[in-house]
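Right, one structure below, let's go through it.
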Amino acid sequence: MTPHNEAKAGDYAETVLLPGDPLRAKWIAETFMADARQVNGVRNCLGFTGTYKGRPVSVQATGMGQASASIYIHELINMYGARTLIRVGTCGGLNARVKVGDLVLAQAACTNSGMIRDAFVPYSFAPIADFGLLRAMADKAETRKLRLHVGNMVADDIFYHPNGLDGYGALPAHGVLAVDMESAALYTLAARFGVRALTVCTMSDCLITHEEMSAQHRQTALVDMATLALDVAAET
């Protein structure tokens, strides 16, 4: 147990899906997993463990932002033995060719976070995904004919930039596809502790066109993302 997690040793599987939203964690567990049981409810950051296609798998909400996510990721790895972590979230689009509802696989994750930058002075660390997970998910998405983009994301500590799209500076012009608030921390901690990590996000709104996903579209798109992530979790 930790101040943030009431689970006991052995309550989590080695493979954990990481949505930000606690209710999305509950939805994944109840919709797709067999024999799911709640293992954490501290601060309502819900965690569940069950099976998927006969394989043990867990899902743990991380909350919003890299500070919150880092707590859960650190503890999952070091206190609970997690070895494969897959973020399943939403993101904002920074590239017009990424449409609302498309999936984005974060090959790498830029960030403006001081908690990551300051750890590597004088270097700029480039947090990247696990290639095996990335390849497996990209191949499976292609087989299913899902709209998928693989490339660079930015994990931003600011949600409401006062200058809107201009707040992302030169990133869109250099091919950065989308923005979330957790992936750089996930990839950095995975590298630090020698485990596998990957982010897959559904693009829920575009910062260029201002298009937003409808409630119905959001539900369908999240089903595609959740089943894709679970299938990769069960097979790799």
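Would you say VAL176 is in a loop (DSSP other than H, G, I, E, B), among the aliphatic types (A, V, I, L, M) and under 23 Å from GLY101 (Cα atoms)? Criteria met by VAL176. Of the residues ALA190, ALA185, the single one that is closer than 19 Å to VAL57 by Cβ and at pLDDT 90 or above is ALA190. Please work out which residue is surrounded by the most Cβ atoms within 10 Å (Cβ to Cβ), limiting yourself to region 188-217 and to residues that are without any contact (Cβ under 8 Å) to a residue 60 or more places away in the chain and not aliphatic (A, V, I, L, M). So the residue we want is ARG192. Going by the conditions given, is THR209 outside any helix (DSSP H, G or I) and in contact with a Ser or Thr (Cβ under 6 Å, 6 or more places away or on another chain)? Against the criterion (outside any helix (DSSP H, G or I) and in contact with a Ser or Thr (Cβ under 6 Å, 6 or more places away or on another chain)), THR209 does not qualify. In this structure, VAL232 does not qualify as over 15 Å from the mean Cα position of the chain (by Cα), crowded, with 19+ Cβ neighbours inside 10 Å and modelled with pLDDT of 95 or more. Does region 17-37 contain any residue that is charged (D, E, K, R) and in a loop (DSSP other than H, G, I, E, B)? Among the residues of region 17-37, at least one is charged (D, E, K, R) and in a loop (DSSP other than H, G, I, E, B), which makes the answer yes.
Please enumerate the residues belonging to region 79-111 that are hydrophobic (A, V, I, L, M, F, W, C), in a strand (DSSP E or B) and buried (at least 20 other Cβ atoms within 10 Å of the Cβ). Selection gives LEU85, ILE86, VAL88, CYS91, LEU103, VAL104, LEU105, ALA106, ALA109, CYS110.
ALA141 meets the stated requirement of being closer than 26 Å to ILE208 by Cα, in contact with a helix residue (DSSP H, G or I) (Cβ under 9 Å, 6 or more places away or on another chain) and part of a helix (DSSP H, G or I). Residues in region 31-49 that are over 20 Å from THR202 (Cα atoms) and surrounded by fewer than 19 Cβ atoms within 10 Å (Cβ to Cβ): ALA34, ASP35, ARG37, GLN38, GLY41, VAL42, ARG43, ASN44. Going through region 55-78 one residue at a time, which ones are assigned to a loop (DSSP other than H, G, I, E, B) and closer than 29 Å to ALA173 by Cα? Within region 55-78, MET64, GLY65 meet the criteria.
If a residue must be aliphatic (A, V, I, L, M) and free of Cβ contacts under 8 Å to residues at least 12 places away in the same chain, how many such residues does region 120-159 contain? Residues meeting the conditions: 1.
The values are calculated or read from the model by the stated rules, or taken from the named source; none is laboratory data. These numbers come from a predicted model, not from an experiment. Because the Cβ atoms are built from the backbone with ideal geometry, glycine has one as well, and the counts that use them run over all protein chains shown.
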